[in-house]
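Values quoted throughout were computed directly from the atomic coordinates according to the rules given, and no laboratory measurement underlies them. Keep in mind that what you see is a predicted model, and the values were worked out from it rather than measured. Positions of Cβ are backbone-derived with ideal geometry, glycine not excepted, and every protein chain shown enters the neighbour counts.
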Amino acid sequence: EDRAVAVGAFAALVAYAVHGIFETVSAEPANAFVISILLGVALAPGLALAVPESNFARRWPMMGLGAALAIAGWYGIWLSSPLHLGVLAANKSDWNRAATQFAEAARRDPRSAVVHQQWGLAKSVLASQGDASALAEAVTGFETTVRLDPNWALNHANLGAMYAAQGNDEAAASELRAATELAPQVALYHLNL
């Protein structure tokens, strides 16, 4: 009788996993609790007062999977928390704190294009406010972003703007050309080029 509940919970886990292919729902801290609840429902012993040993033997692989998913969820929260804190700081125009948080996020997840993009944006704001070393760091952040995600035109446009700010017109033109090729409908990229 509890099979229907377990199947429903498993179906919800599958939907969560498929959704995770297209969006980073696992990066939201509240979703770790949803996963824990779903796993608890899927793995609950049902109405039986005592779970026979054979029932446990059938359930231990699912319990192991549940533990692995819970650990992965908490790891995801740890991994993404500096990014979220950096965005909160940026929303309050605390760009030094934002840049510090994004640098920590990049240390924790060096393969995230979004983290490097946010770090580059924070450093570009600091550079516009007179921080002399921030411009070179913004360029580095956007170079890494373009390397990790070369198919998003905005990454090339941002890097082109940073190269232009450095006075590197040839590199700026090259990046802005890439931006216009990837997004030919965006007039701003053509104007900047």
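Among the trypsin sites (Lys or Arg not before Pro) within region 106-142, those in coil by DSSP and having at most 13 neighbouring Cβ atoms inside 10 Å are Arg111. Could you tell me the calculated FRET efficiency between His190 and His19, based on Cβ-Cβ distance and R0 = 30 angstrom, to the nearest 0.05? For His190 and His19, the calculated efficiency is 0.25.
Between Asp131 and Gln166, what's the calculated FRET efficiency when r is the beta-carbon distance and R0 is 22 Å? Round to 0.05. With a Förster radius of 22 Å, E is 0.95.
Distance from the Cα centroid of region 62-92 to that of region 152-186 is 33 Å (rounded to whole angstrom).
Based on the Kirkwood radius over alpha-carbon pairs, what value in µm²/s does the Stokes-Einstein equation return for the translational diffusion coefficient of region 72-140 at 37 °C and 0.692 mPa s? The calculation lands on 278 µm²/s. Rounded to whole Å, the principal axis extents of the Cα atoms in region 62-193 read 57, 32, 20, largest first. Full extension of the chain between Asp109 and Val5 gives 33.8 nm of extra length, using 0.36 nm per residue less the Cα-Cα distance.
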